[in-house]
Each structure stands twice: as C-alpha cells, then as structure tokens.
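See structure below.
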2 protein chains.
Amino acid sequence: MQSRTPASRTGRPRSAAADAAILAATRQALVELGWSRLTLGDVATRAGVAKTTLYRRWAGKHELVVDAVAELFDELELPDRGSLAADIEGVVLQFAAILDRPEARSGLMAVVAESTRDDALRERIRASIVERQMRLVLLGRARAQRRGELPPEPDPAESARTGDLIFDMVAGAVVHRTLVSGKPADEEWVRSFTRVLLTGLTSP
Amino acid sequence: MQSRTPASRTGRPRSAAADAAILAATRQALVELGWSRLTLGDVATRAGVAKTTLYRRWAGKHELVVDAVAELFDELELPDRGSLAADIEGVVLQFAAILDRPEARSGLMAVVAESTRDDALRERIRASIVERQMRLVLLGRARAQRRGELPPEPDPAESARTGDLIFDMVAGAVVHRTLVSGKPADEEWVRSFTRVLLTGLTSP
DNA sequence: GCATTACGCTACGGGTCGTAGCGAAAGCTC
DNA sequence: GAGCTTTCGCTACGACCCGTAGCGTAATGC
C-alpha cells in the first residue's frame with residue numbers, strides 16, 4: 001500500500017496501526033480542510049505520529065491521498081440483482097454514494113489532476129482505484145452474457161474496447177453529474193441514465 | 001473576466017494588455033509546471049507585471065486558472081454537419097482536442113477538485129466553462145429535432161432533465177476517457193461512443 | 001491643475017516543505 | 001539474554017511561497 005515493501009526480515013517492523021491511523025487522519029483532514037489546505041504536518045499530528053514517519057512511507061501528498069481515497073472504493077460490490085439493468089443501477093448508486101462523501105470529492109479529482117503530469121501517480125491511481133471498478137464492469141457484462149442480455153463477443157480486442165467504453169461512460173457520467181454539474185445522482189437520474197446506456201448497448 | 005468590474009469612470013483604467021498577458025502566462029506556466037508547482041509570483045514575472053497587480057484582479061490561484069482555462073473553450077463550435085451523429089462526433093472531437101492540451105489537462109481537473117469545497121468557485125466554473133458547452137448541447141438537440149432525428153419534448157422540465165443527462169454523458173465520458181483512463185478519444189472511439197449514445201436516445 | 005485610480009517595487013511576518021541528526025524502542029537471530 | 005537491524009519520535013533547520021502593506025509614480029477624467 002505504501003511506497004514500497006522492503007521485504008526485509010530483520011529489524012523493527014513498521015507499525016500497521018500507524019498506517020491505518022495515517023490514512024484515517026488523511027480522510028478526516030480531507031473532510032475538514034479539503035485538498036488545498038491539507039498539510040502533511042497536520043495529518044501527522046492527527047494520526048499521532050511524527051512527520052518524519054509519514055515521509056518515510058509516502059513520497060508526498062499525492063501518493064498519500066491516493067491510498068487514503070482508494071480504501072473508500074473497497075466497499076464497492078456487485079450483487080446479482082437479477083437483471084443487467086438492476087445490476088447497473090445498483091452499482092452506479094453505490095458509486096454515487098462514495099462520490100457524495102467529502103473525503104472522496106475533494107481528494108479524487110485533485111489526484112487525477114496531478115496525474116496528468118505524473119505517470120507514476122497515474123499508474124498508482126489506475127492500479128488502486130480504477131482497476132477495482134473495471135472488474136465490476138467485466139463481472140457485470142459476463143453475468144449479463146450468461147443471462148443472454150448481451151451478445152457474446154468472440155473477438156478479445158473488440159471486447160476490451162467495449163469494456164473500456166462502458167467503463168468510461170458509466171464512471172464519467174456519474175463523476176460529471178456529481179462533481180461538475182453539482183447535482184445528485186439520485187434514483188431518478190440513475191434510471192434515466194441506465195435506460196439510455198442499456199438501450200444503446202443492446203440495440204443493433 | 002477578472003474578479004469584478006468596478007465600472008468606475010474616473011482614474012487610470014486597468015490595462016487590458018495586462019489581463020491578456022497574465023492569462024497567457026498562466027497557461028504557459030500550466031504547461032511547463034503543472035498545477036501544483038504553479039506559483040502566482042512566477043506567473044507575474046512571466047507576464048511582466050508586479051505580483052501586487054495580479055492580486056488586485058484575482059483573489060487567488062483558483063480563480064486565475066479558471067479564467068485562463070476558460071478561454072480555451074472559446075473555440076468550441078457546432079457547425080451543421082448534416083446529421084445529429086455527425087454533429088456529435090464533430091463536437092466531441094473538438095472537446096477531446098482541447099483536453100489534449102496540457103494547459104487544459106492540468107488546470108481543469110484541479111479547479112473542479114477545489115470547487116467541491118468552494119461554491120463561488122463552482123459557480124465561476126459553471127458560468128465560464130460549463131455553460132458554454134451546455135449551449136452546444138441545446139443547439140444540437142434543437143437542430144436534430146428540426147431534422148426529425150429526435151422527438152420534440154413538450155414538457156420543459158423533462159426536456160431540461162434530458163439535456164442535463166446528455167451533457168453529463170458526453171462531457172463525462174470524454175473527460176474520463178482522456179484524463180482517467182489515459183487513452184485517446186480518437187475517431188474510432190468517438191464513433192463507438194456516438195453510436196451507443198444516439199441509439200440509446202432515439203430508441204423508445 | 002486636480003482628484004482618482006492603477007501600477008511597479010520593496011519589504012515583511014507567517015506558514016509549509018522536506019530533510020538531517022539524535023537517542024530510544026521494537027523486533028529478529030543466536 | 002546479547003547483539004544487530006530497522007523504525008520511531010523529536011527537534012531544528014534552510015528554502016520557498018503566500019498575501020499584504022506602504023510608497024512613489026503613471027495614466028486617465030473633470
């Protein structure tokens with residue numbers, strides 16, 4: 001999770017409790033201060049650790065916030081709700097609920113902005129946040145194909161392109177709705193969105 | 001454009017050339033330094049003005065970057081390409097081209113992130129950036145309804161909801177594709193996206 | 001000429017950054 | 001337990017940027 005796992009056998013091990021305390025303190029600071037006013041010294045004080053300890057584990061503010069926000073997406077699940085439409089609506093509502101939390105709102109866009117000039121940071125975001133949501137897309141599609149709601153795609157390249165497209169449309173629309181337009185992704189909106197997306201995907 | 005227009009008649013007028021120089025210097029600094037390393041002192045030096053002059057016009061980094069990025073969206077147009085699909089593909093490609101420029105990539109997401117905790121900043125973004133794109137959506141839809149490609153919507157409330165949905169889906173997907181997934185919104189992707197969106201909107 | 005406002009310049013206190021250095025603590029191996 | 005290794009807390013530090021105050025000068029309208 002942190003910068004690197006030294007895999008060293010000897011010596012005093014790093015405190016796992018400190019990790020959890022730092023990440024929790026980071027989220028709390030994001031809620032109270034937002035991204036721009038958040039300082040690493042403040043986070044260290046909140047977590048009850050020394051500032052130097054924090055710098056020994058994370059290279060900077062960006063990496064720390066990515067890890068702190070990534071844990072929020074652990075709760076995303078895709079239970080079988082019987083139909084593809086219900087599955088999509090369910091996961092979109094979950095996603096919207098996460099984006100409704102201030103620690104996610106203020107932190108997520110900031111690290112994405114910074115990742116446009118930092119390839120390592122982009123990869124970190126991709127691995128710890130985006131990848132987790134992408135699995136849900138693939139799972140939902142496979143389930144829908146098993147139900148017969150979506151046609152099977154024999155070409156793996158074409159299948160990957162479709163998966164990317166669905167992912168960008170779902171995640172992009174929800175993020176834009178909640179963070180840019182500033183309106184809630186409530187059930188009514190999610191139903192309309194799902195209807196348009198699903199019709200577009202299933203009609204020849 | 002700047003913080004406020006005093007509409008004063010007497011005294012030395014503000015230099016319009018300084019405004020242009022400051023905004024151009026801001027975009028140049030965004031390209032070379034990105035959002036986080038950009039400092040107002042550096043922008044003032046690049047623009048050839050005193051730092052105090054910059055602070056007299058803009059309240060801070062956020063507002064300055066919003067105005068600097070907003071000018072990039074002035075070039076967005078929606079010429080009549082004959083069909084709704086062609087119109088959408090054209091404007092999406094224009095939008096993607098803007099997001100491909102580093103001064104837009106690094107600045108836009110950063111101010112959006114900050115706007116989650118600053119209502120005034122959100123309104124500034126909405127008025128100077130989002131509103132401009134929204135007009136294109138409304139224009140394109142009206143044109144399509146005139147062509148008979150989209151059904152007329154008598155209910156203004158329902159019509160507004162549909163417009164918001166289209167806007168969030170288009171802008172959200174393009175932004176997510178280019179800035180989060182980190183893949184190009186090229187012609188092939190735009191064609192697939194437009195096909196899904198348009199099929200979803202036109203099928204009953 | 002006179003009032004008024006904008007401008008350039010300098011200087012300043014305050015805050016944050018990221019690092020260095022130290023002694024103490026907590027593990028592992030023997 | 002002895003000894004080794006790594007982490008931890010703490011303090012201190014130079015460097016940078018922030019945002020503002022103060023002053024003299026420049027540019028406009030009356």
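Assorted remarks:
- Area accessible to solvent at A:TYR55, 1.4 Å probe radius, in Å²: 120
- Accessible surface for the protein assembly as shown, divided over its residues, is 47 Å² per residue with a 1.4 Å probe.
- Area accessible to solvent at B:THR202, 1.4 Å probe radius, in Å²: 70
- For the chain pair A and B, the interface hides roughly 3800 square angstrom of accessible area in total, found with a 1.4 Å probe.
- Over the residues of the protein assembly as shown, the helix contribution to mean residue ellipticity at 222 nm works out to -21500 deg cm²/dmol, using -39500 (n - 2.57) for each DSSP H run of at least 4.
- A crude spin-label estimate for the pair A:ALA16 and B:ASP74, with each label 7 Å from Cα along the Cβ direction, gives 5.8 nm.
- Each copy carries a label point for B:GLN145 at 7 Å from Cα along the beta-carbon vector; from one copy to the others these points are 4.0 nm apart, nearest first.
- Estimated at 0.36 nm per residue, the fully extended path between B:SER192 and B:ARG147 surpasses their Cα-Cα distance by 14.0 nm.
- Spin-label pair A:ARG46/A:ARG126, simplified geometry with 7 Å Cα→Cβ offset, distance in nm: 3.0
- For chain B, a Gaussian network of Cα nodes joined below 10 Å ranks B:ALA70, B:ALA120, B:ALA97 by mean-square fluctuation, and the top entry is B:ALA120.
- Using C-alpha pairs below 8 Å separated by at least 6 residues, the relative contact order for chain A is 22 percent.
- Near B:GLY82: Cβ cut-off under 14 Å, other residues only, Lys/Arg at +1 and Asp/Glu at -1. The net charge is 0.
- Cut-off 15 Å between beta-carbons: net charge of the residues surrounding A:ARG161, Lys and Arg +1, Asp and Glu -1: -3
- Prolate/oblate/rounded call for chain A, Cα gyration tensor, a/c under 1.5 rounded: prolate
- With the label put 7 angstrom out from Cα along the Cα-to-Cβ vector, B:ALA17 ends up 6.6 nm from the copy partners, going from closest to farthest.
- Each copy carries a label point for A:ARG56 at 7 Å from Cα along the beta-carbon vector; from one copy to the others these points are 5.2 nm apart, nearest first.
The values are calculated or read from the model by the stated rules, or taken from the named source; none is laboratory data. Everything numeric in this text was worked out from a predicted model, so none of it was measured. Neighbour counts run over all protein chains shown; Cβ positions are idealised from the backbone, glycine included. Keep in mind that these areas ignore ligands, DNA and RNA; they rest on the heavy atoms of the full protein, side chains included. Shrake-Rupley method; radii C 1.70, N 1.55, O 1.52, S 1.80 Å.
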